[in-house]
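Have a look at the structure below, then the notes.
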């Protein structure tokens, strides 16, 4: 009964007004990850070429298919809801005109289910289920609706006979695919185990699913020597998340309510999945806890952080007000892929380049910070922690004592990680872990390189391009008080700040269009809420998006914040495309009589009256 309601509920939101009578199919699952068997069932319902004739019969009954991704149903998945939806959409892209992949909480599914049954345009609901689910659901009151139909798929190993189902007594609204042989029968847990063990997953998942798994590094646990570091990053991320929520709360919710929330958030304890399994479940359900589970993705962490914090607002009007803020603190989407904002280790698969490029050479230099000494209003400890987690600093400090890493084992590359990998692979540092940090990821990418025999580590920074970027990064590392020296690995062709895609290359702007860059804050969410359409202008590098509106001719270009000489690259690129109006959102120093909103160029400051002051006269620089 529960599965039936969960599966049906999501449909109404999409097909309440489809304009003509249609049969709607639906299929529900957790999809963590979507297996080859599940994708085959969906392809069958859509009548994909090359599948059994029975599938063609099923497909003729279905005009539209909704695939339901179970969200917040009590299962602590390894991938986030966003990631599971993305895997399905990528695998089923060629059916995008006939299929909707959606996620819905249990509370909303039943409401949508009733709305769909009342819709006169829905001719029939066709539910795709396996044999066991059909046996459970066929007697439920909800399943007696005359507009319901069933397509029952066998389990693996039962391709020709389904002994529990009496073939002679099947009602006319049930189709039994007894000869469907596309199901490989491999459970999602087997796929997860294969990925964690480093085994190939070809044949276990669809190529589209595999692409997303590899892109985001899903279902991979860190090695045992890094297990404590990963858990410490989880705990540090949670504490920082709470701190941000407490700061943001009074801007949205009554301060008294915020004070109560702050107390409740601080009382939440972090426990491991193993500990929860050993404790009484009733006690666990009565206490708000944040469960640390191995192999979960960074975006799943972000999802859990937000859900855990918002539990105290469930059912109140403040929930809808505060949810976008909580989500924005911990996650973002870039070029269609979800990325978190939490400190997190992720093992990466890097293919060694076999090119004719001259081998890279490193130069050892003293680590120093070029920033002038003085009094700063910013919390510099927090600034550094956001870009170089304390958990990592503590881990490295321990390894210094064990001689597993030396104070000179810091490498700063102007190249991509692929070229850097070639450099370190020579010394048997063959395993790379990407370190996501809360801030500053556009300035550099941090990797922890590991050599197994004997166990040793290197801290490797890649894509550190330009003098200003390098100076900023070195100050971050210097502030952590760990390394005395670093090895600079430079090349004549550093990584570009960004590479435009076809839309970016062909884009033309005029004087009424706007370039907005700097600290974006809520701009994207506000534009999307006002029905602006977002399209990426880059295929790699700095995040830059085009926003257009169906009723407004003007365009808005939104780019993420950059510093120093990189600012000029952004300005020059879009000046050449016709942009003449610029808003820069950020702290660019202190100039007398200048205000935030004035145009800032690396060489000068220009106000609304066209008064210009050279950058050298910036009070902050002095």
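The values are calculated or read from the model by the stated rules, or taken from the named source; none is laboratory data. All figures in this text were calculated on a predicted structure; none of them were measured in a lab. As a convention, Cβ positions derive from the backbone with ideal geometry for all residues, glycine included, and neighbour counts pool all protein chains shown.
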Of (1) in a loop (DSSP other than H, G, I, E, B); (2) at pLDDT 80 or above; (3) surrounded by fewer than 20 Cβ atoms within 10 Å (Cβ to Cβ), residue 225 satisfies every one except (1)
Top-ranked residue in the range 291-337 [being over 19 Å from the mean Cα position of the chain (by Cα) and outside any helix (DSSP H, G or I); ranked as nearest to residue 189 (Cα to Cα)]: 291
Mind checking which residues of the range 268-280 are under 17 Å from residue 240 (Cβ atoms) and either in a loop (DSSP other than H, G, I, E, B) or modelled with pLDDT under 60 (or both)? 268
Which of the residues belonging to the range 391-418 are in contact with a helix residue (DSSP H, G or I) (Cβ under 6 Å, 6 or more places away or on another chain) and not in a loop (DSSP other than H, G, I, E, B)? 391, 395, 413
Among the candidates 158, 202, which residue alone is assigned by TED's automatic domain parsing to the domain that holds residue 132, crowded, with 16+ Cβ neighbours inside 10 Å and either under 17 Å from residue 38 (Cβ atoms) or modelled with pLDDT of 80 or more (or both)? 158
Residue 194 - would you say it is part of a helix (DSSP H, G or I), in contact (Cβ under 8 Å) with a residue 60 or more places away in the chain and out of contact with any helix residue (DSSP H, G or I) (no Cβ under 6 Å at 6 or more places or on another chain)? no
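May I ask you to verify whether residue 518 is surrounded by fewer than 17 Cβ atoms within 10 Å (Cβ to Cβ) and either in the same structural domain as residue 439 (by TED's automatic domain parsing) or on the phi > 0 side of the Ramachandran plot (or both)?
Answer is no for this residue.
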Of (1) touching a helix residue (DSSP H, G or I) at 6+ places or on another chain (Cβ under 8 Å); (2) crowded, with 17+ Cβ neighbours inside 10 Å; (3) at pLDDT below 90, residue 313 satisfies all except one. Which? (3)
List, please: which pairs have Cβ atoms under 6 Å, are six or more places apart or on different chains, and start with a residue in the range 293-310 that is at positive phi and end with one that is surrounded by fewer than 21 Cβ atoms within 10 Å (Cβ to Cβ)? 295/221
May I ask you to verify whether residue 562 is touching a helix residue (DSSP H, G or I) at 6+ places or on another chain (Cβ under 7 Å) and assigned to a loop (DSSP other than H, G, I, E, B)? yes
Is it the case that residue 213 is under 22 Å from residue 190 (Cα atoms), at pLDDT below 95 and in a helix (DSSP H, G or I)? yes
From 359, 324, residue being outside the structural domain of residue 425 (by TED's automatic domain parsing), at pLDDT 80 or above and out of contact with any strand residue (DSSP E or B) (no Cβ under 9 Å at 6 or more places or on another chain): 324
What are the pairs, 6+ residues apart or on separate chains, where a residue within the range 136-159 that is part of a helix (DSSP H, G or I) has its Cβ under 7 Å from a residue that is exposed (fewer than 14 other Cβ atoms within 10 Å of the Cβ) and modelled with pLDDT under 70? 137/1; 142/1
Quick check: anything in the range 424-440 within 28 Å of the chain's Cα centre (by Cα), in a helix (DSSP H, G or I), crowded, with 18+ Cβ neighbours inside 10 Å and touching a residue at least 60 places away in the same chain (Cβ under 8 Å)? no
Working only within the range 49-67, note down all residues that are farther than 17 Å from residue 147 by Cα and touching a residue at least 24 places away in the same chain (Cβ under 8 Å). 51, 52, 54, 55, 57, 67
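Residue by residue, here is whether (1) within 25 Å of the chain's Cα centre (by Cα); (2) more than 26 Å from residue 221 (Cβ to Cβ); (3) surrounded by 13 or more Cβ atoms within 10 Å (Cβ to Cβ) holds:
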| residue | (1), (2), (3) |
| --- | --- |
| 392 | yes, no, yes |
| 452 | no, no, no |
| 464 | yes, yes, yes |
| 473 | yes, yes, yes |
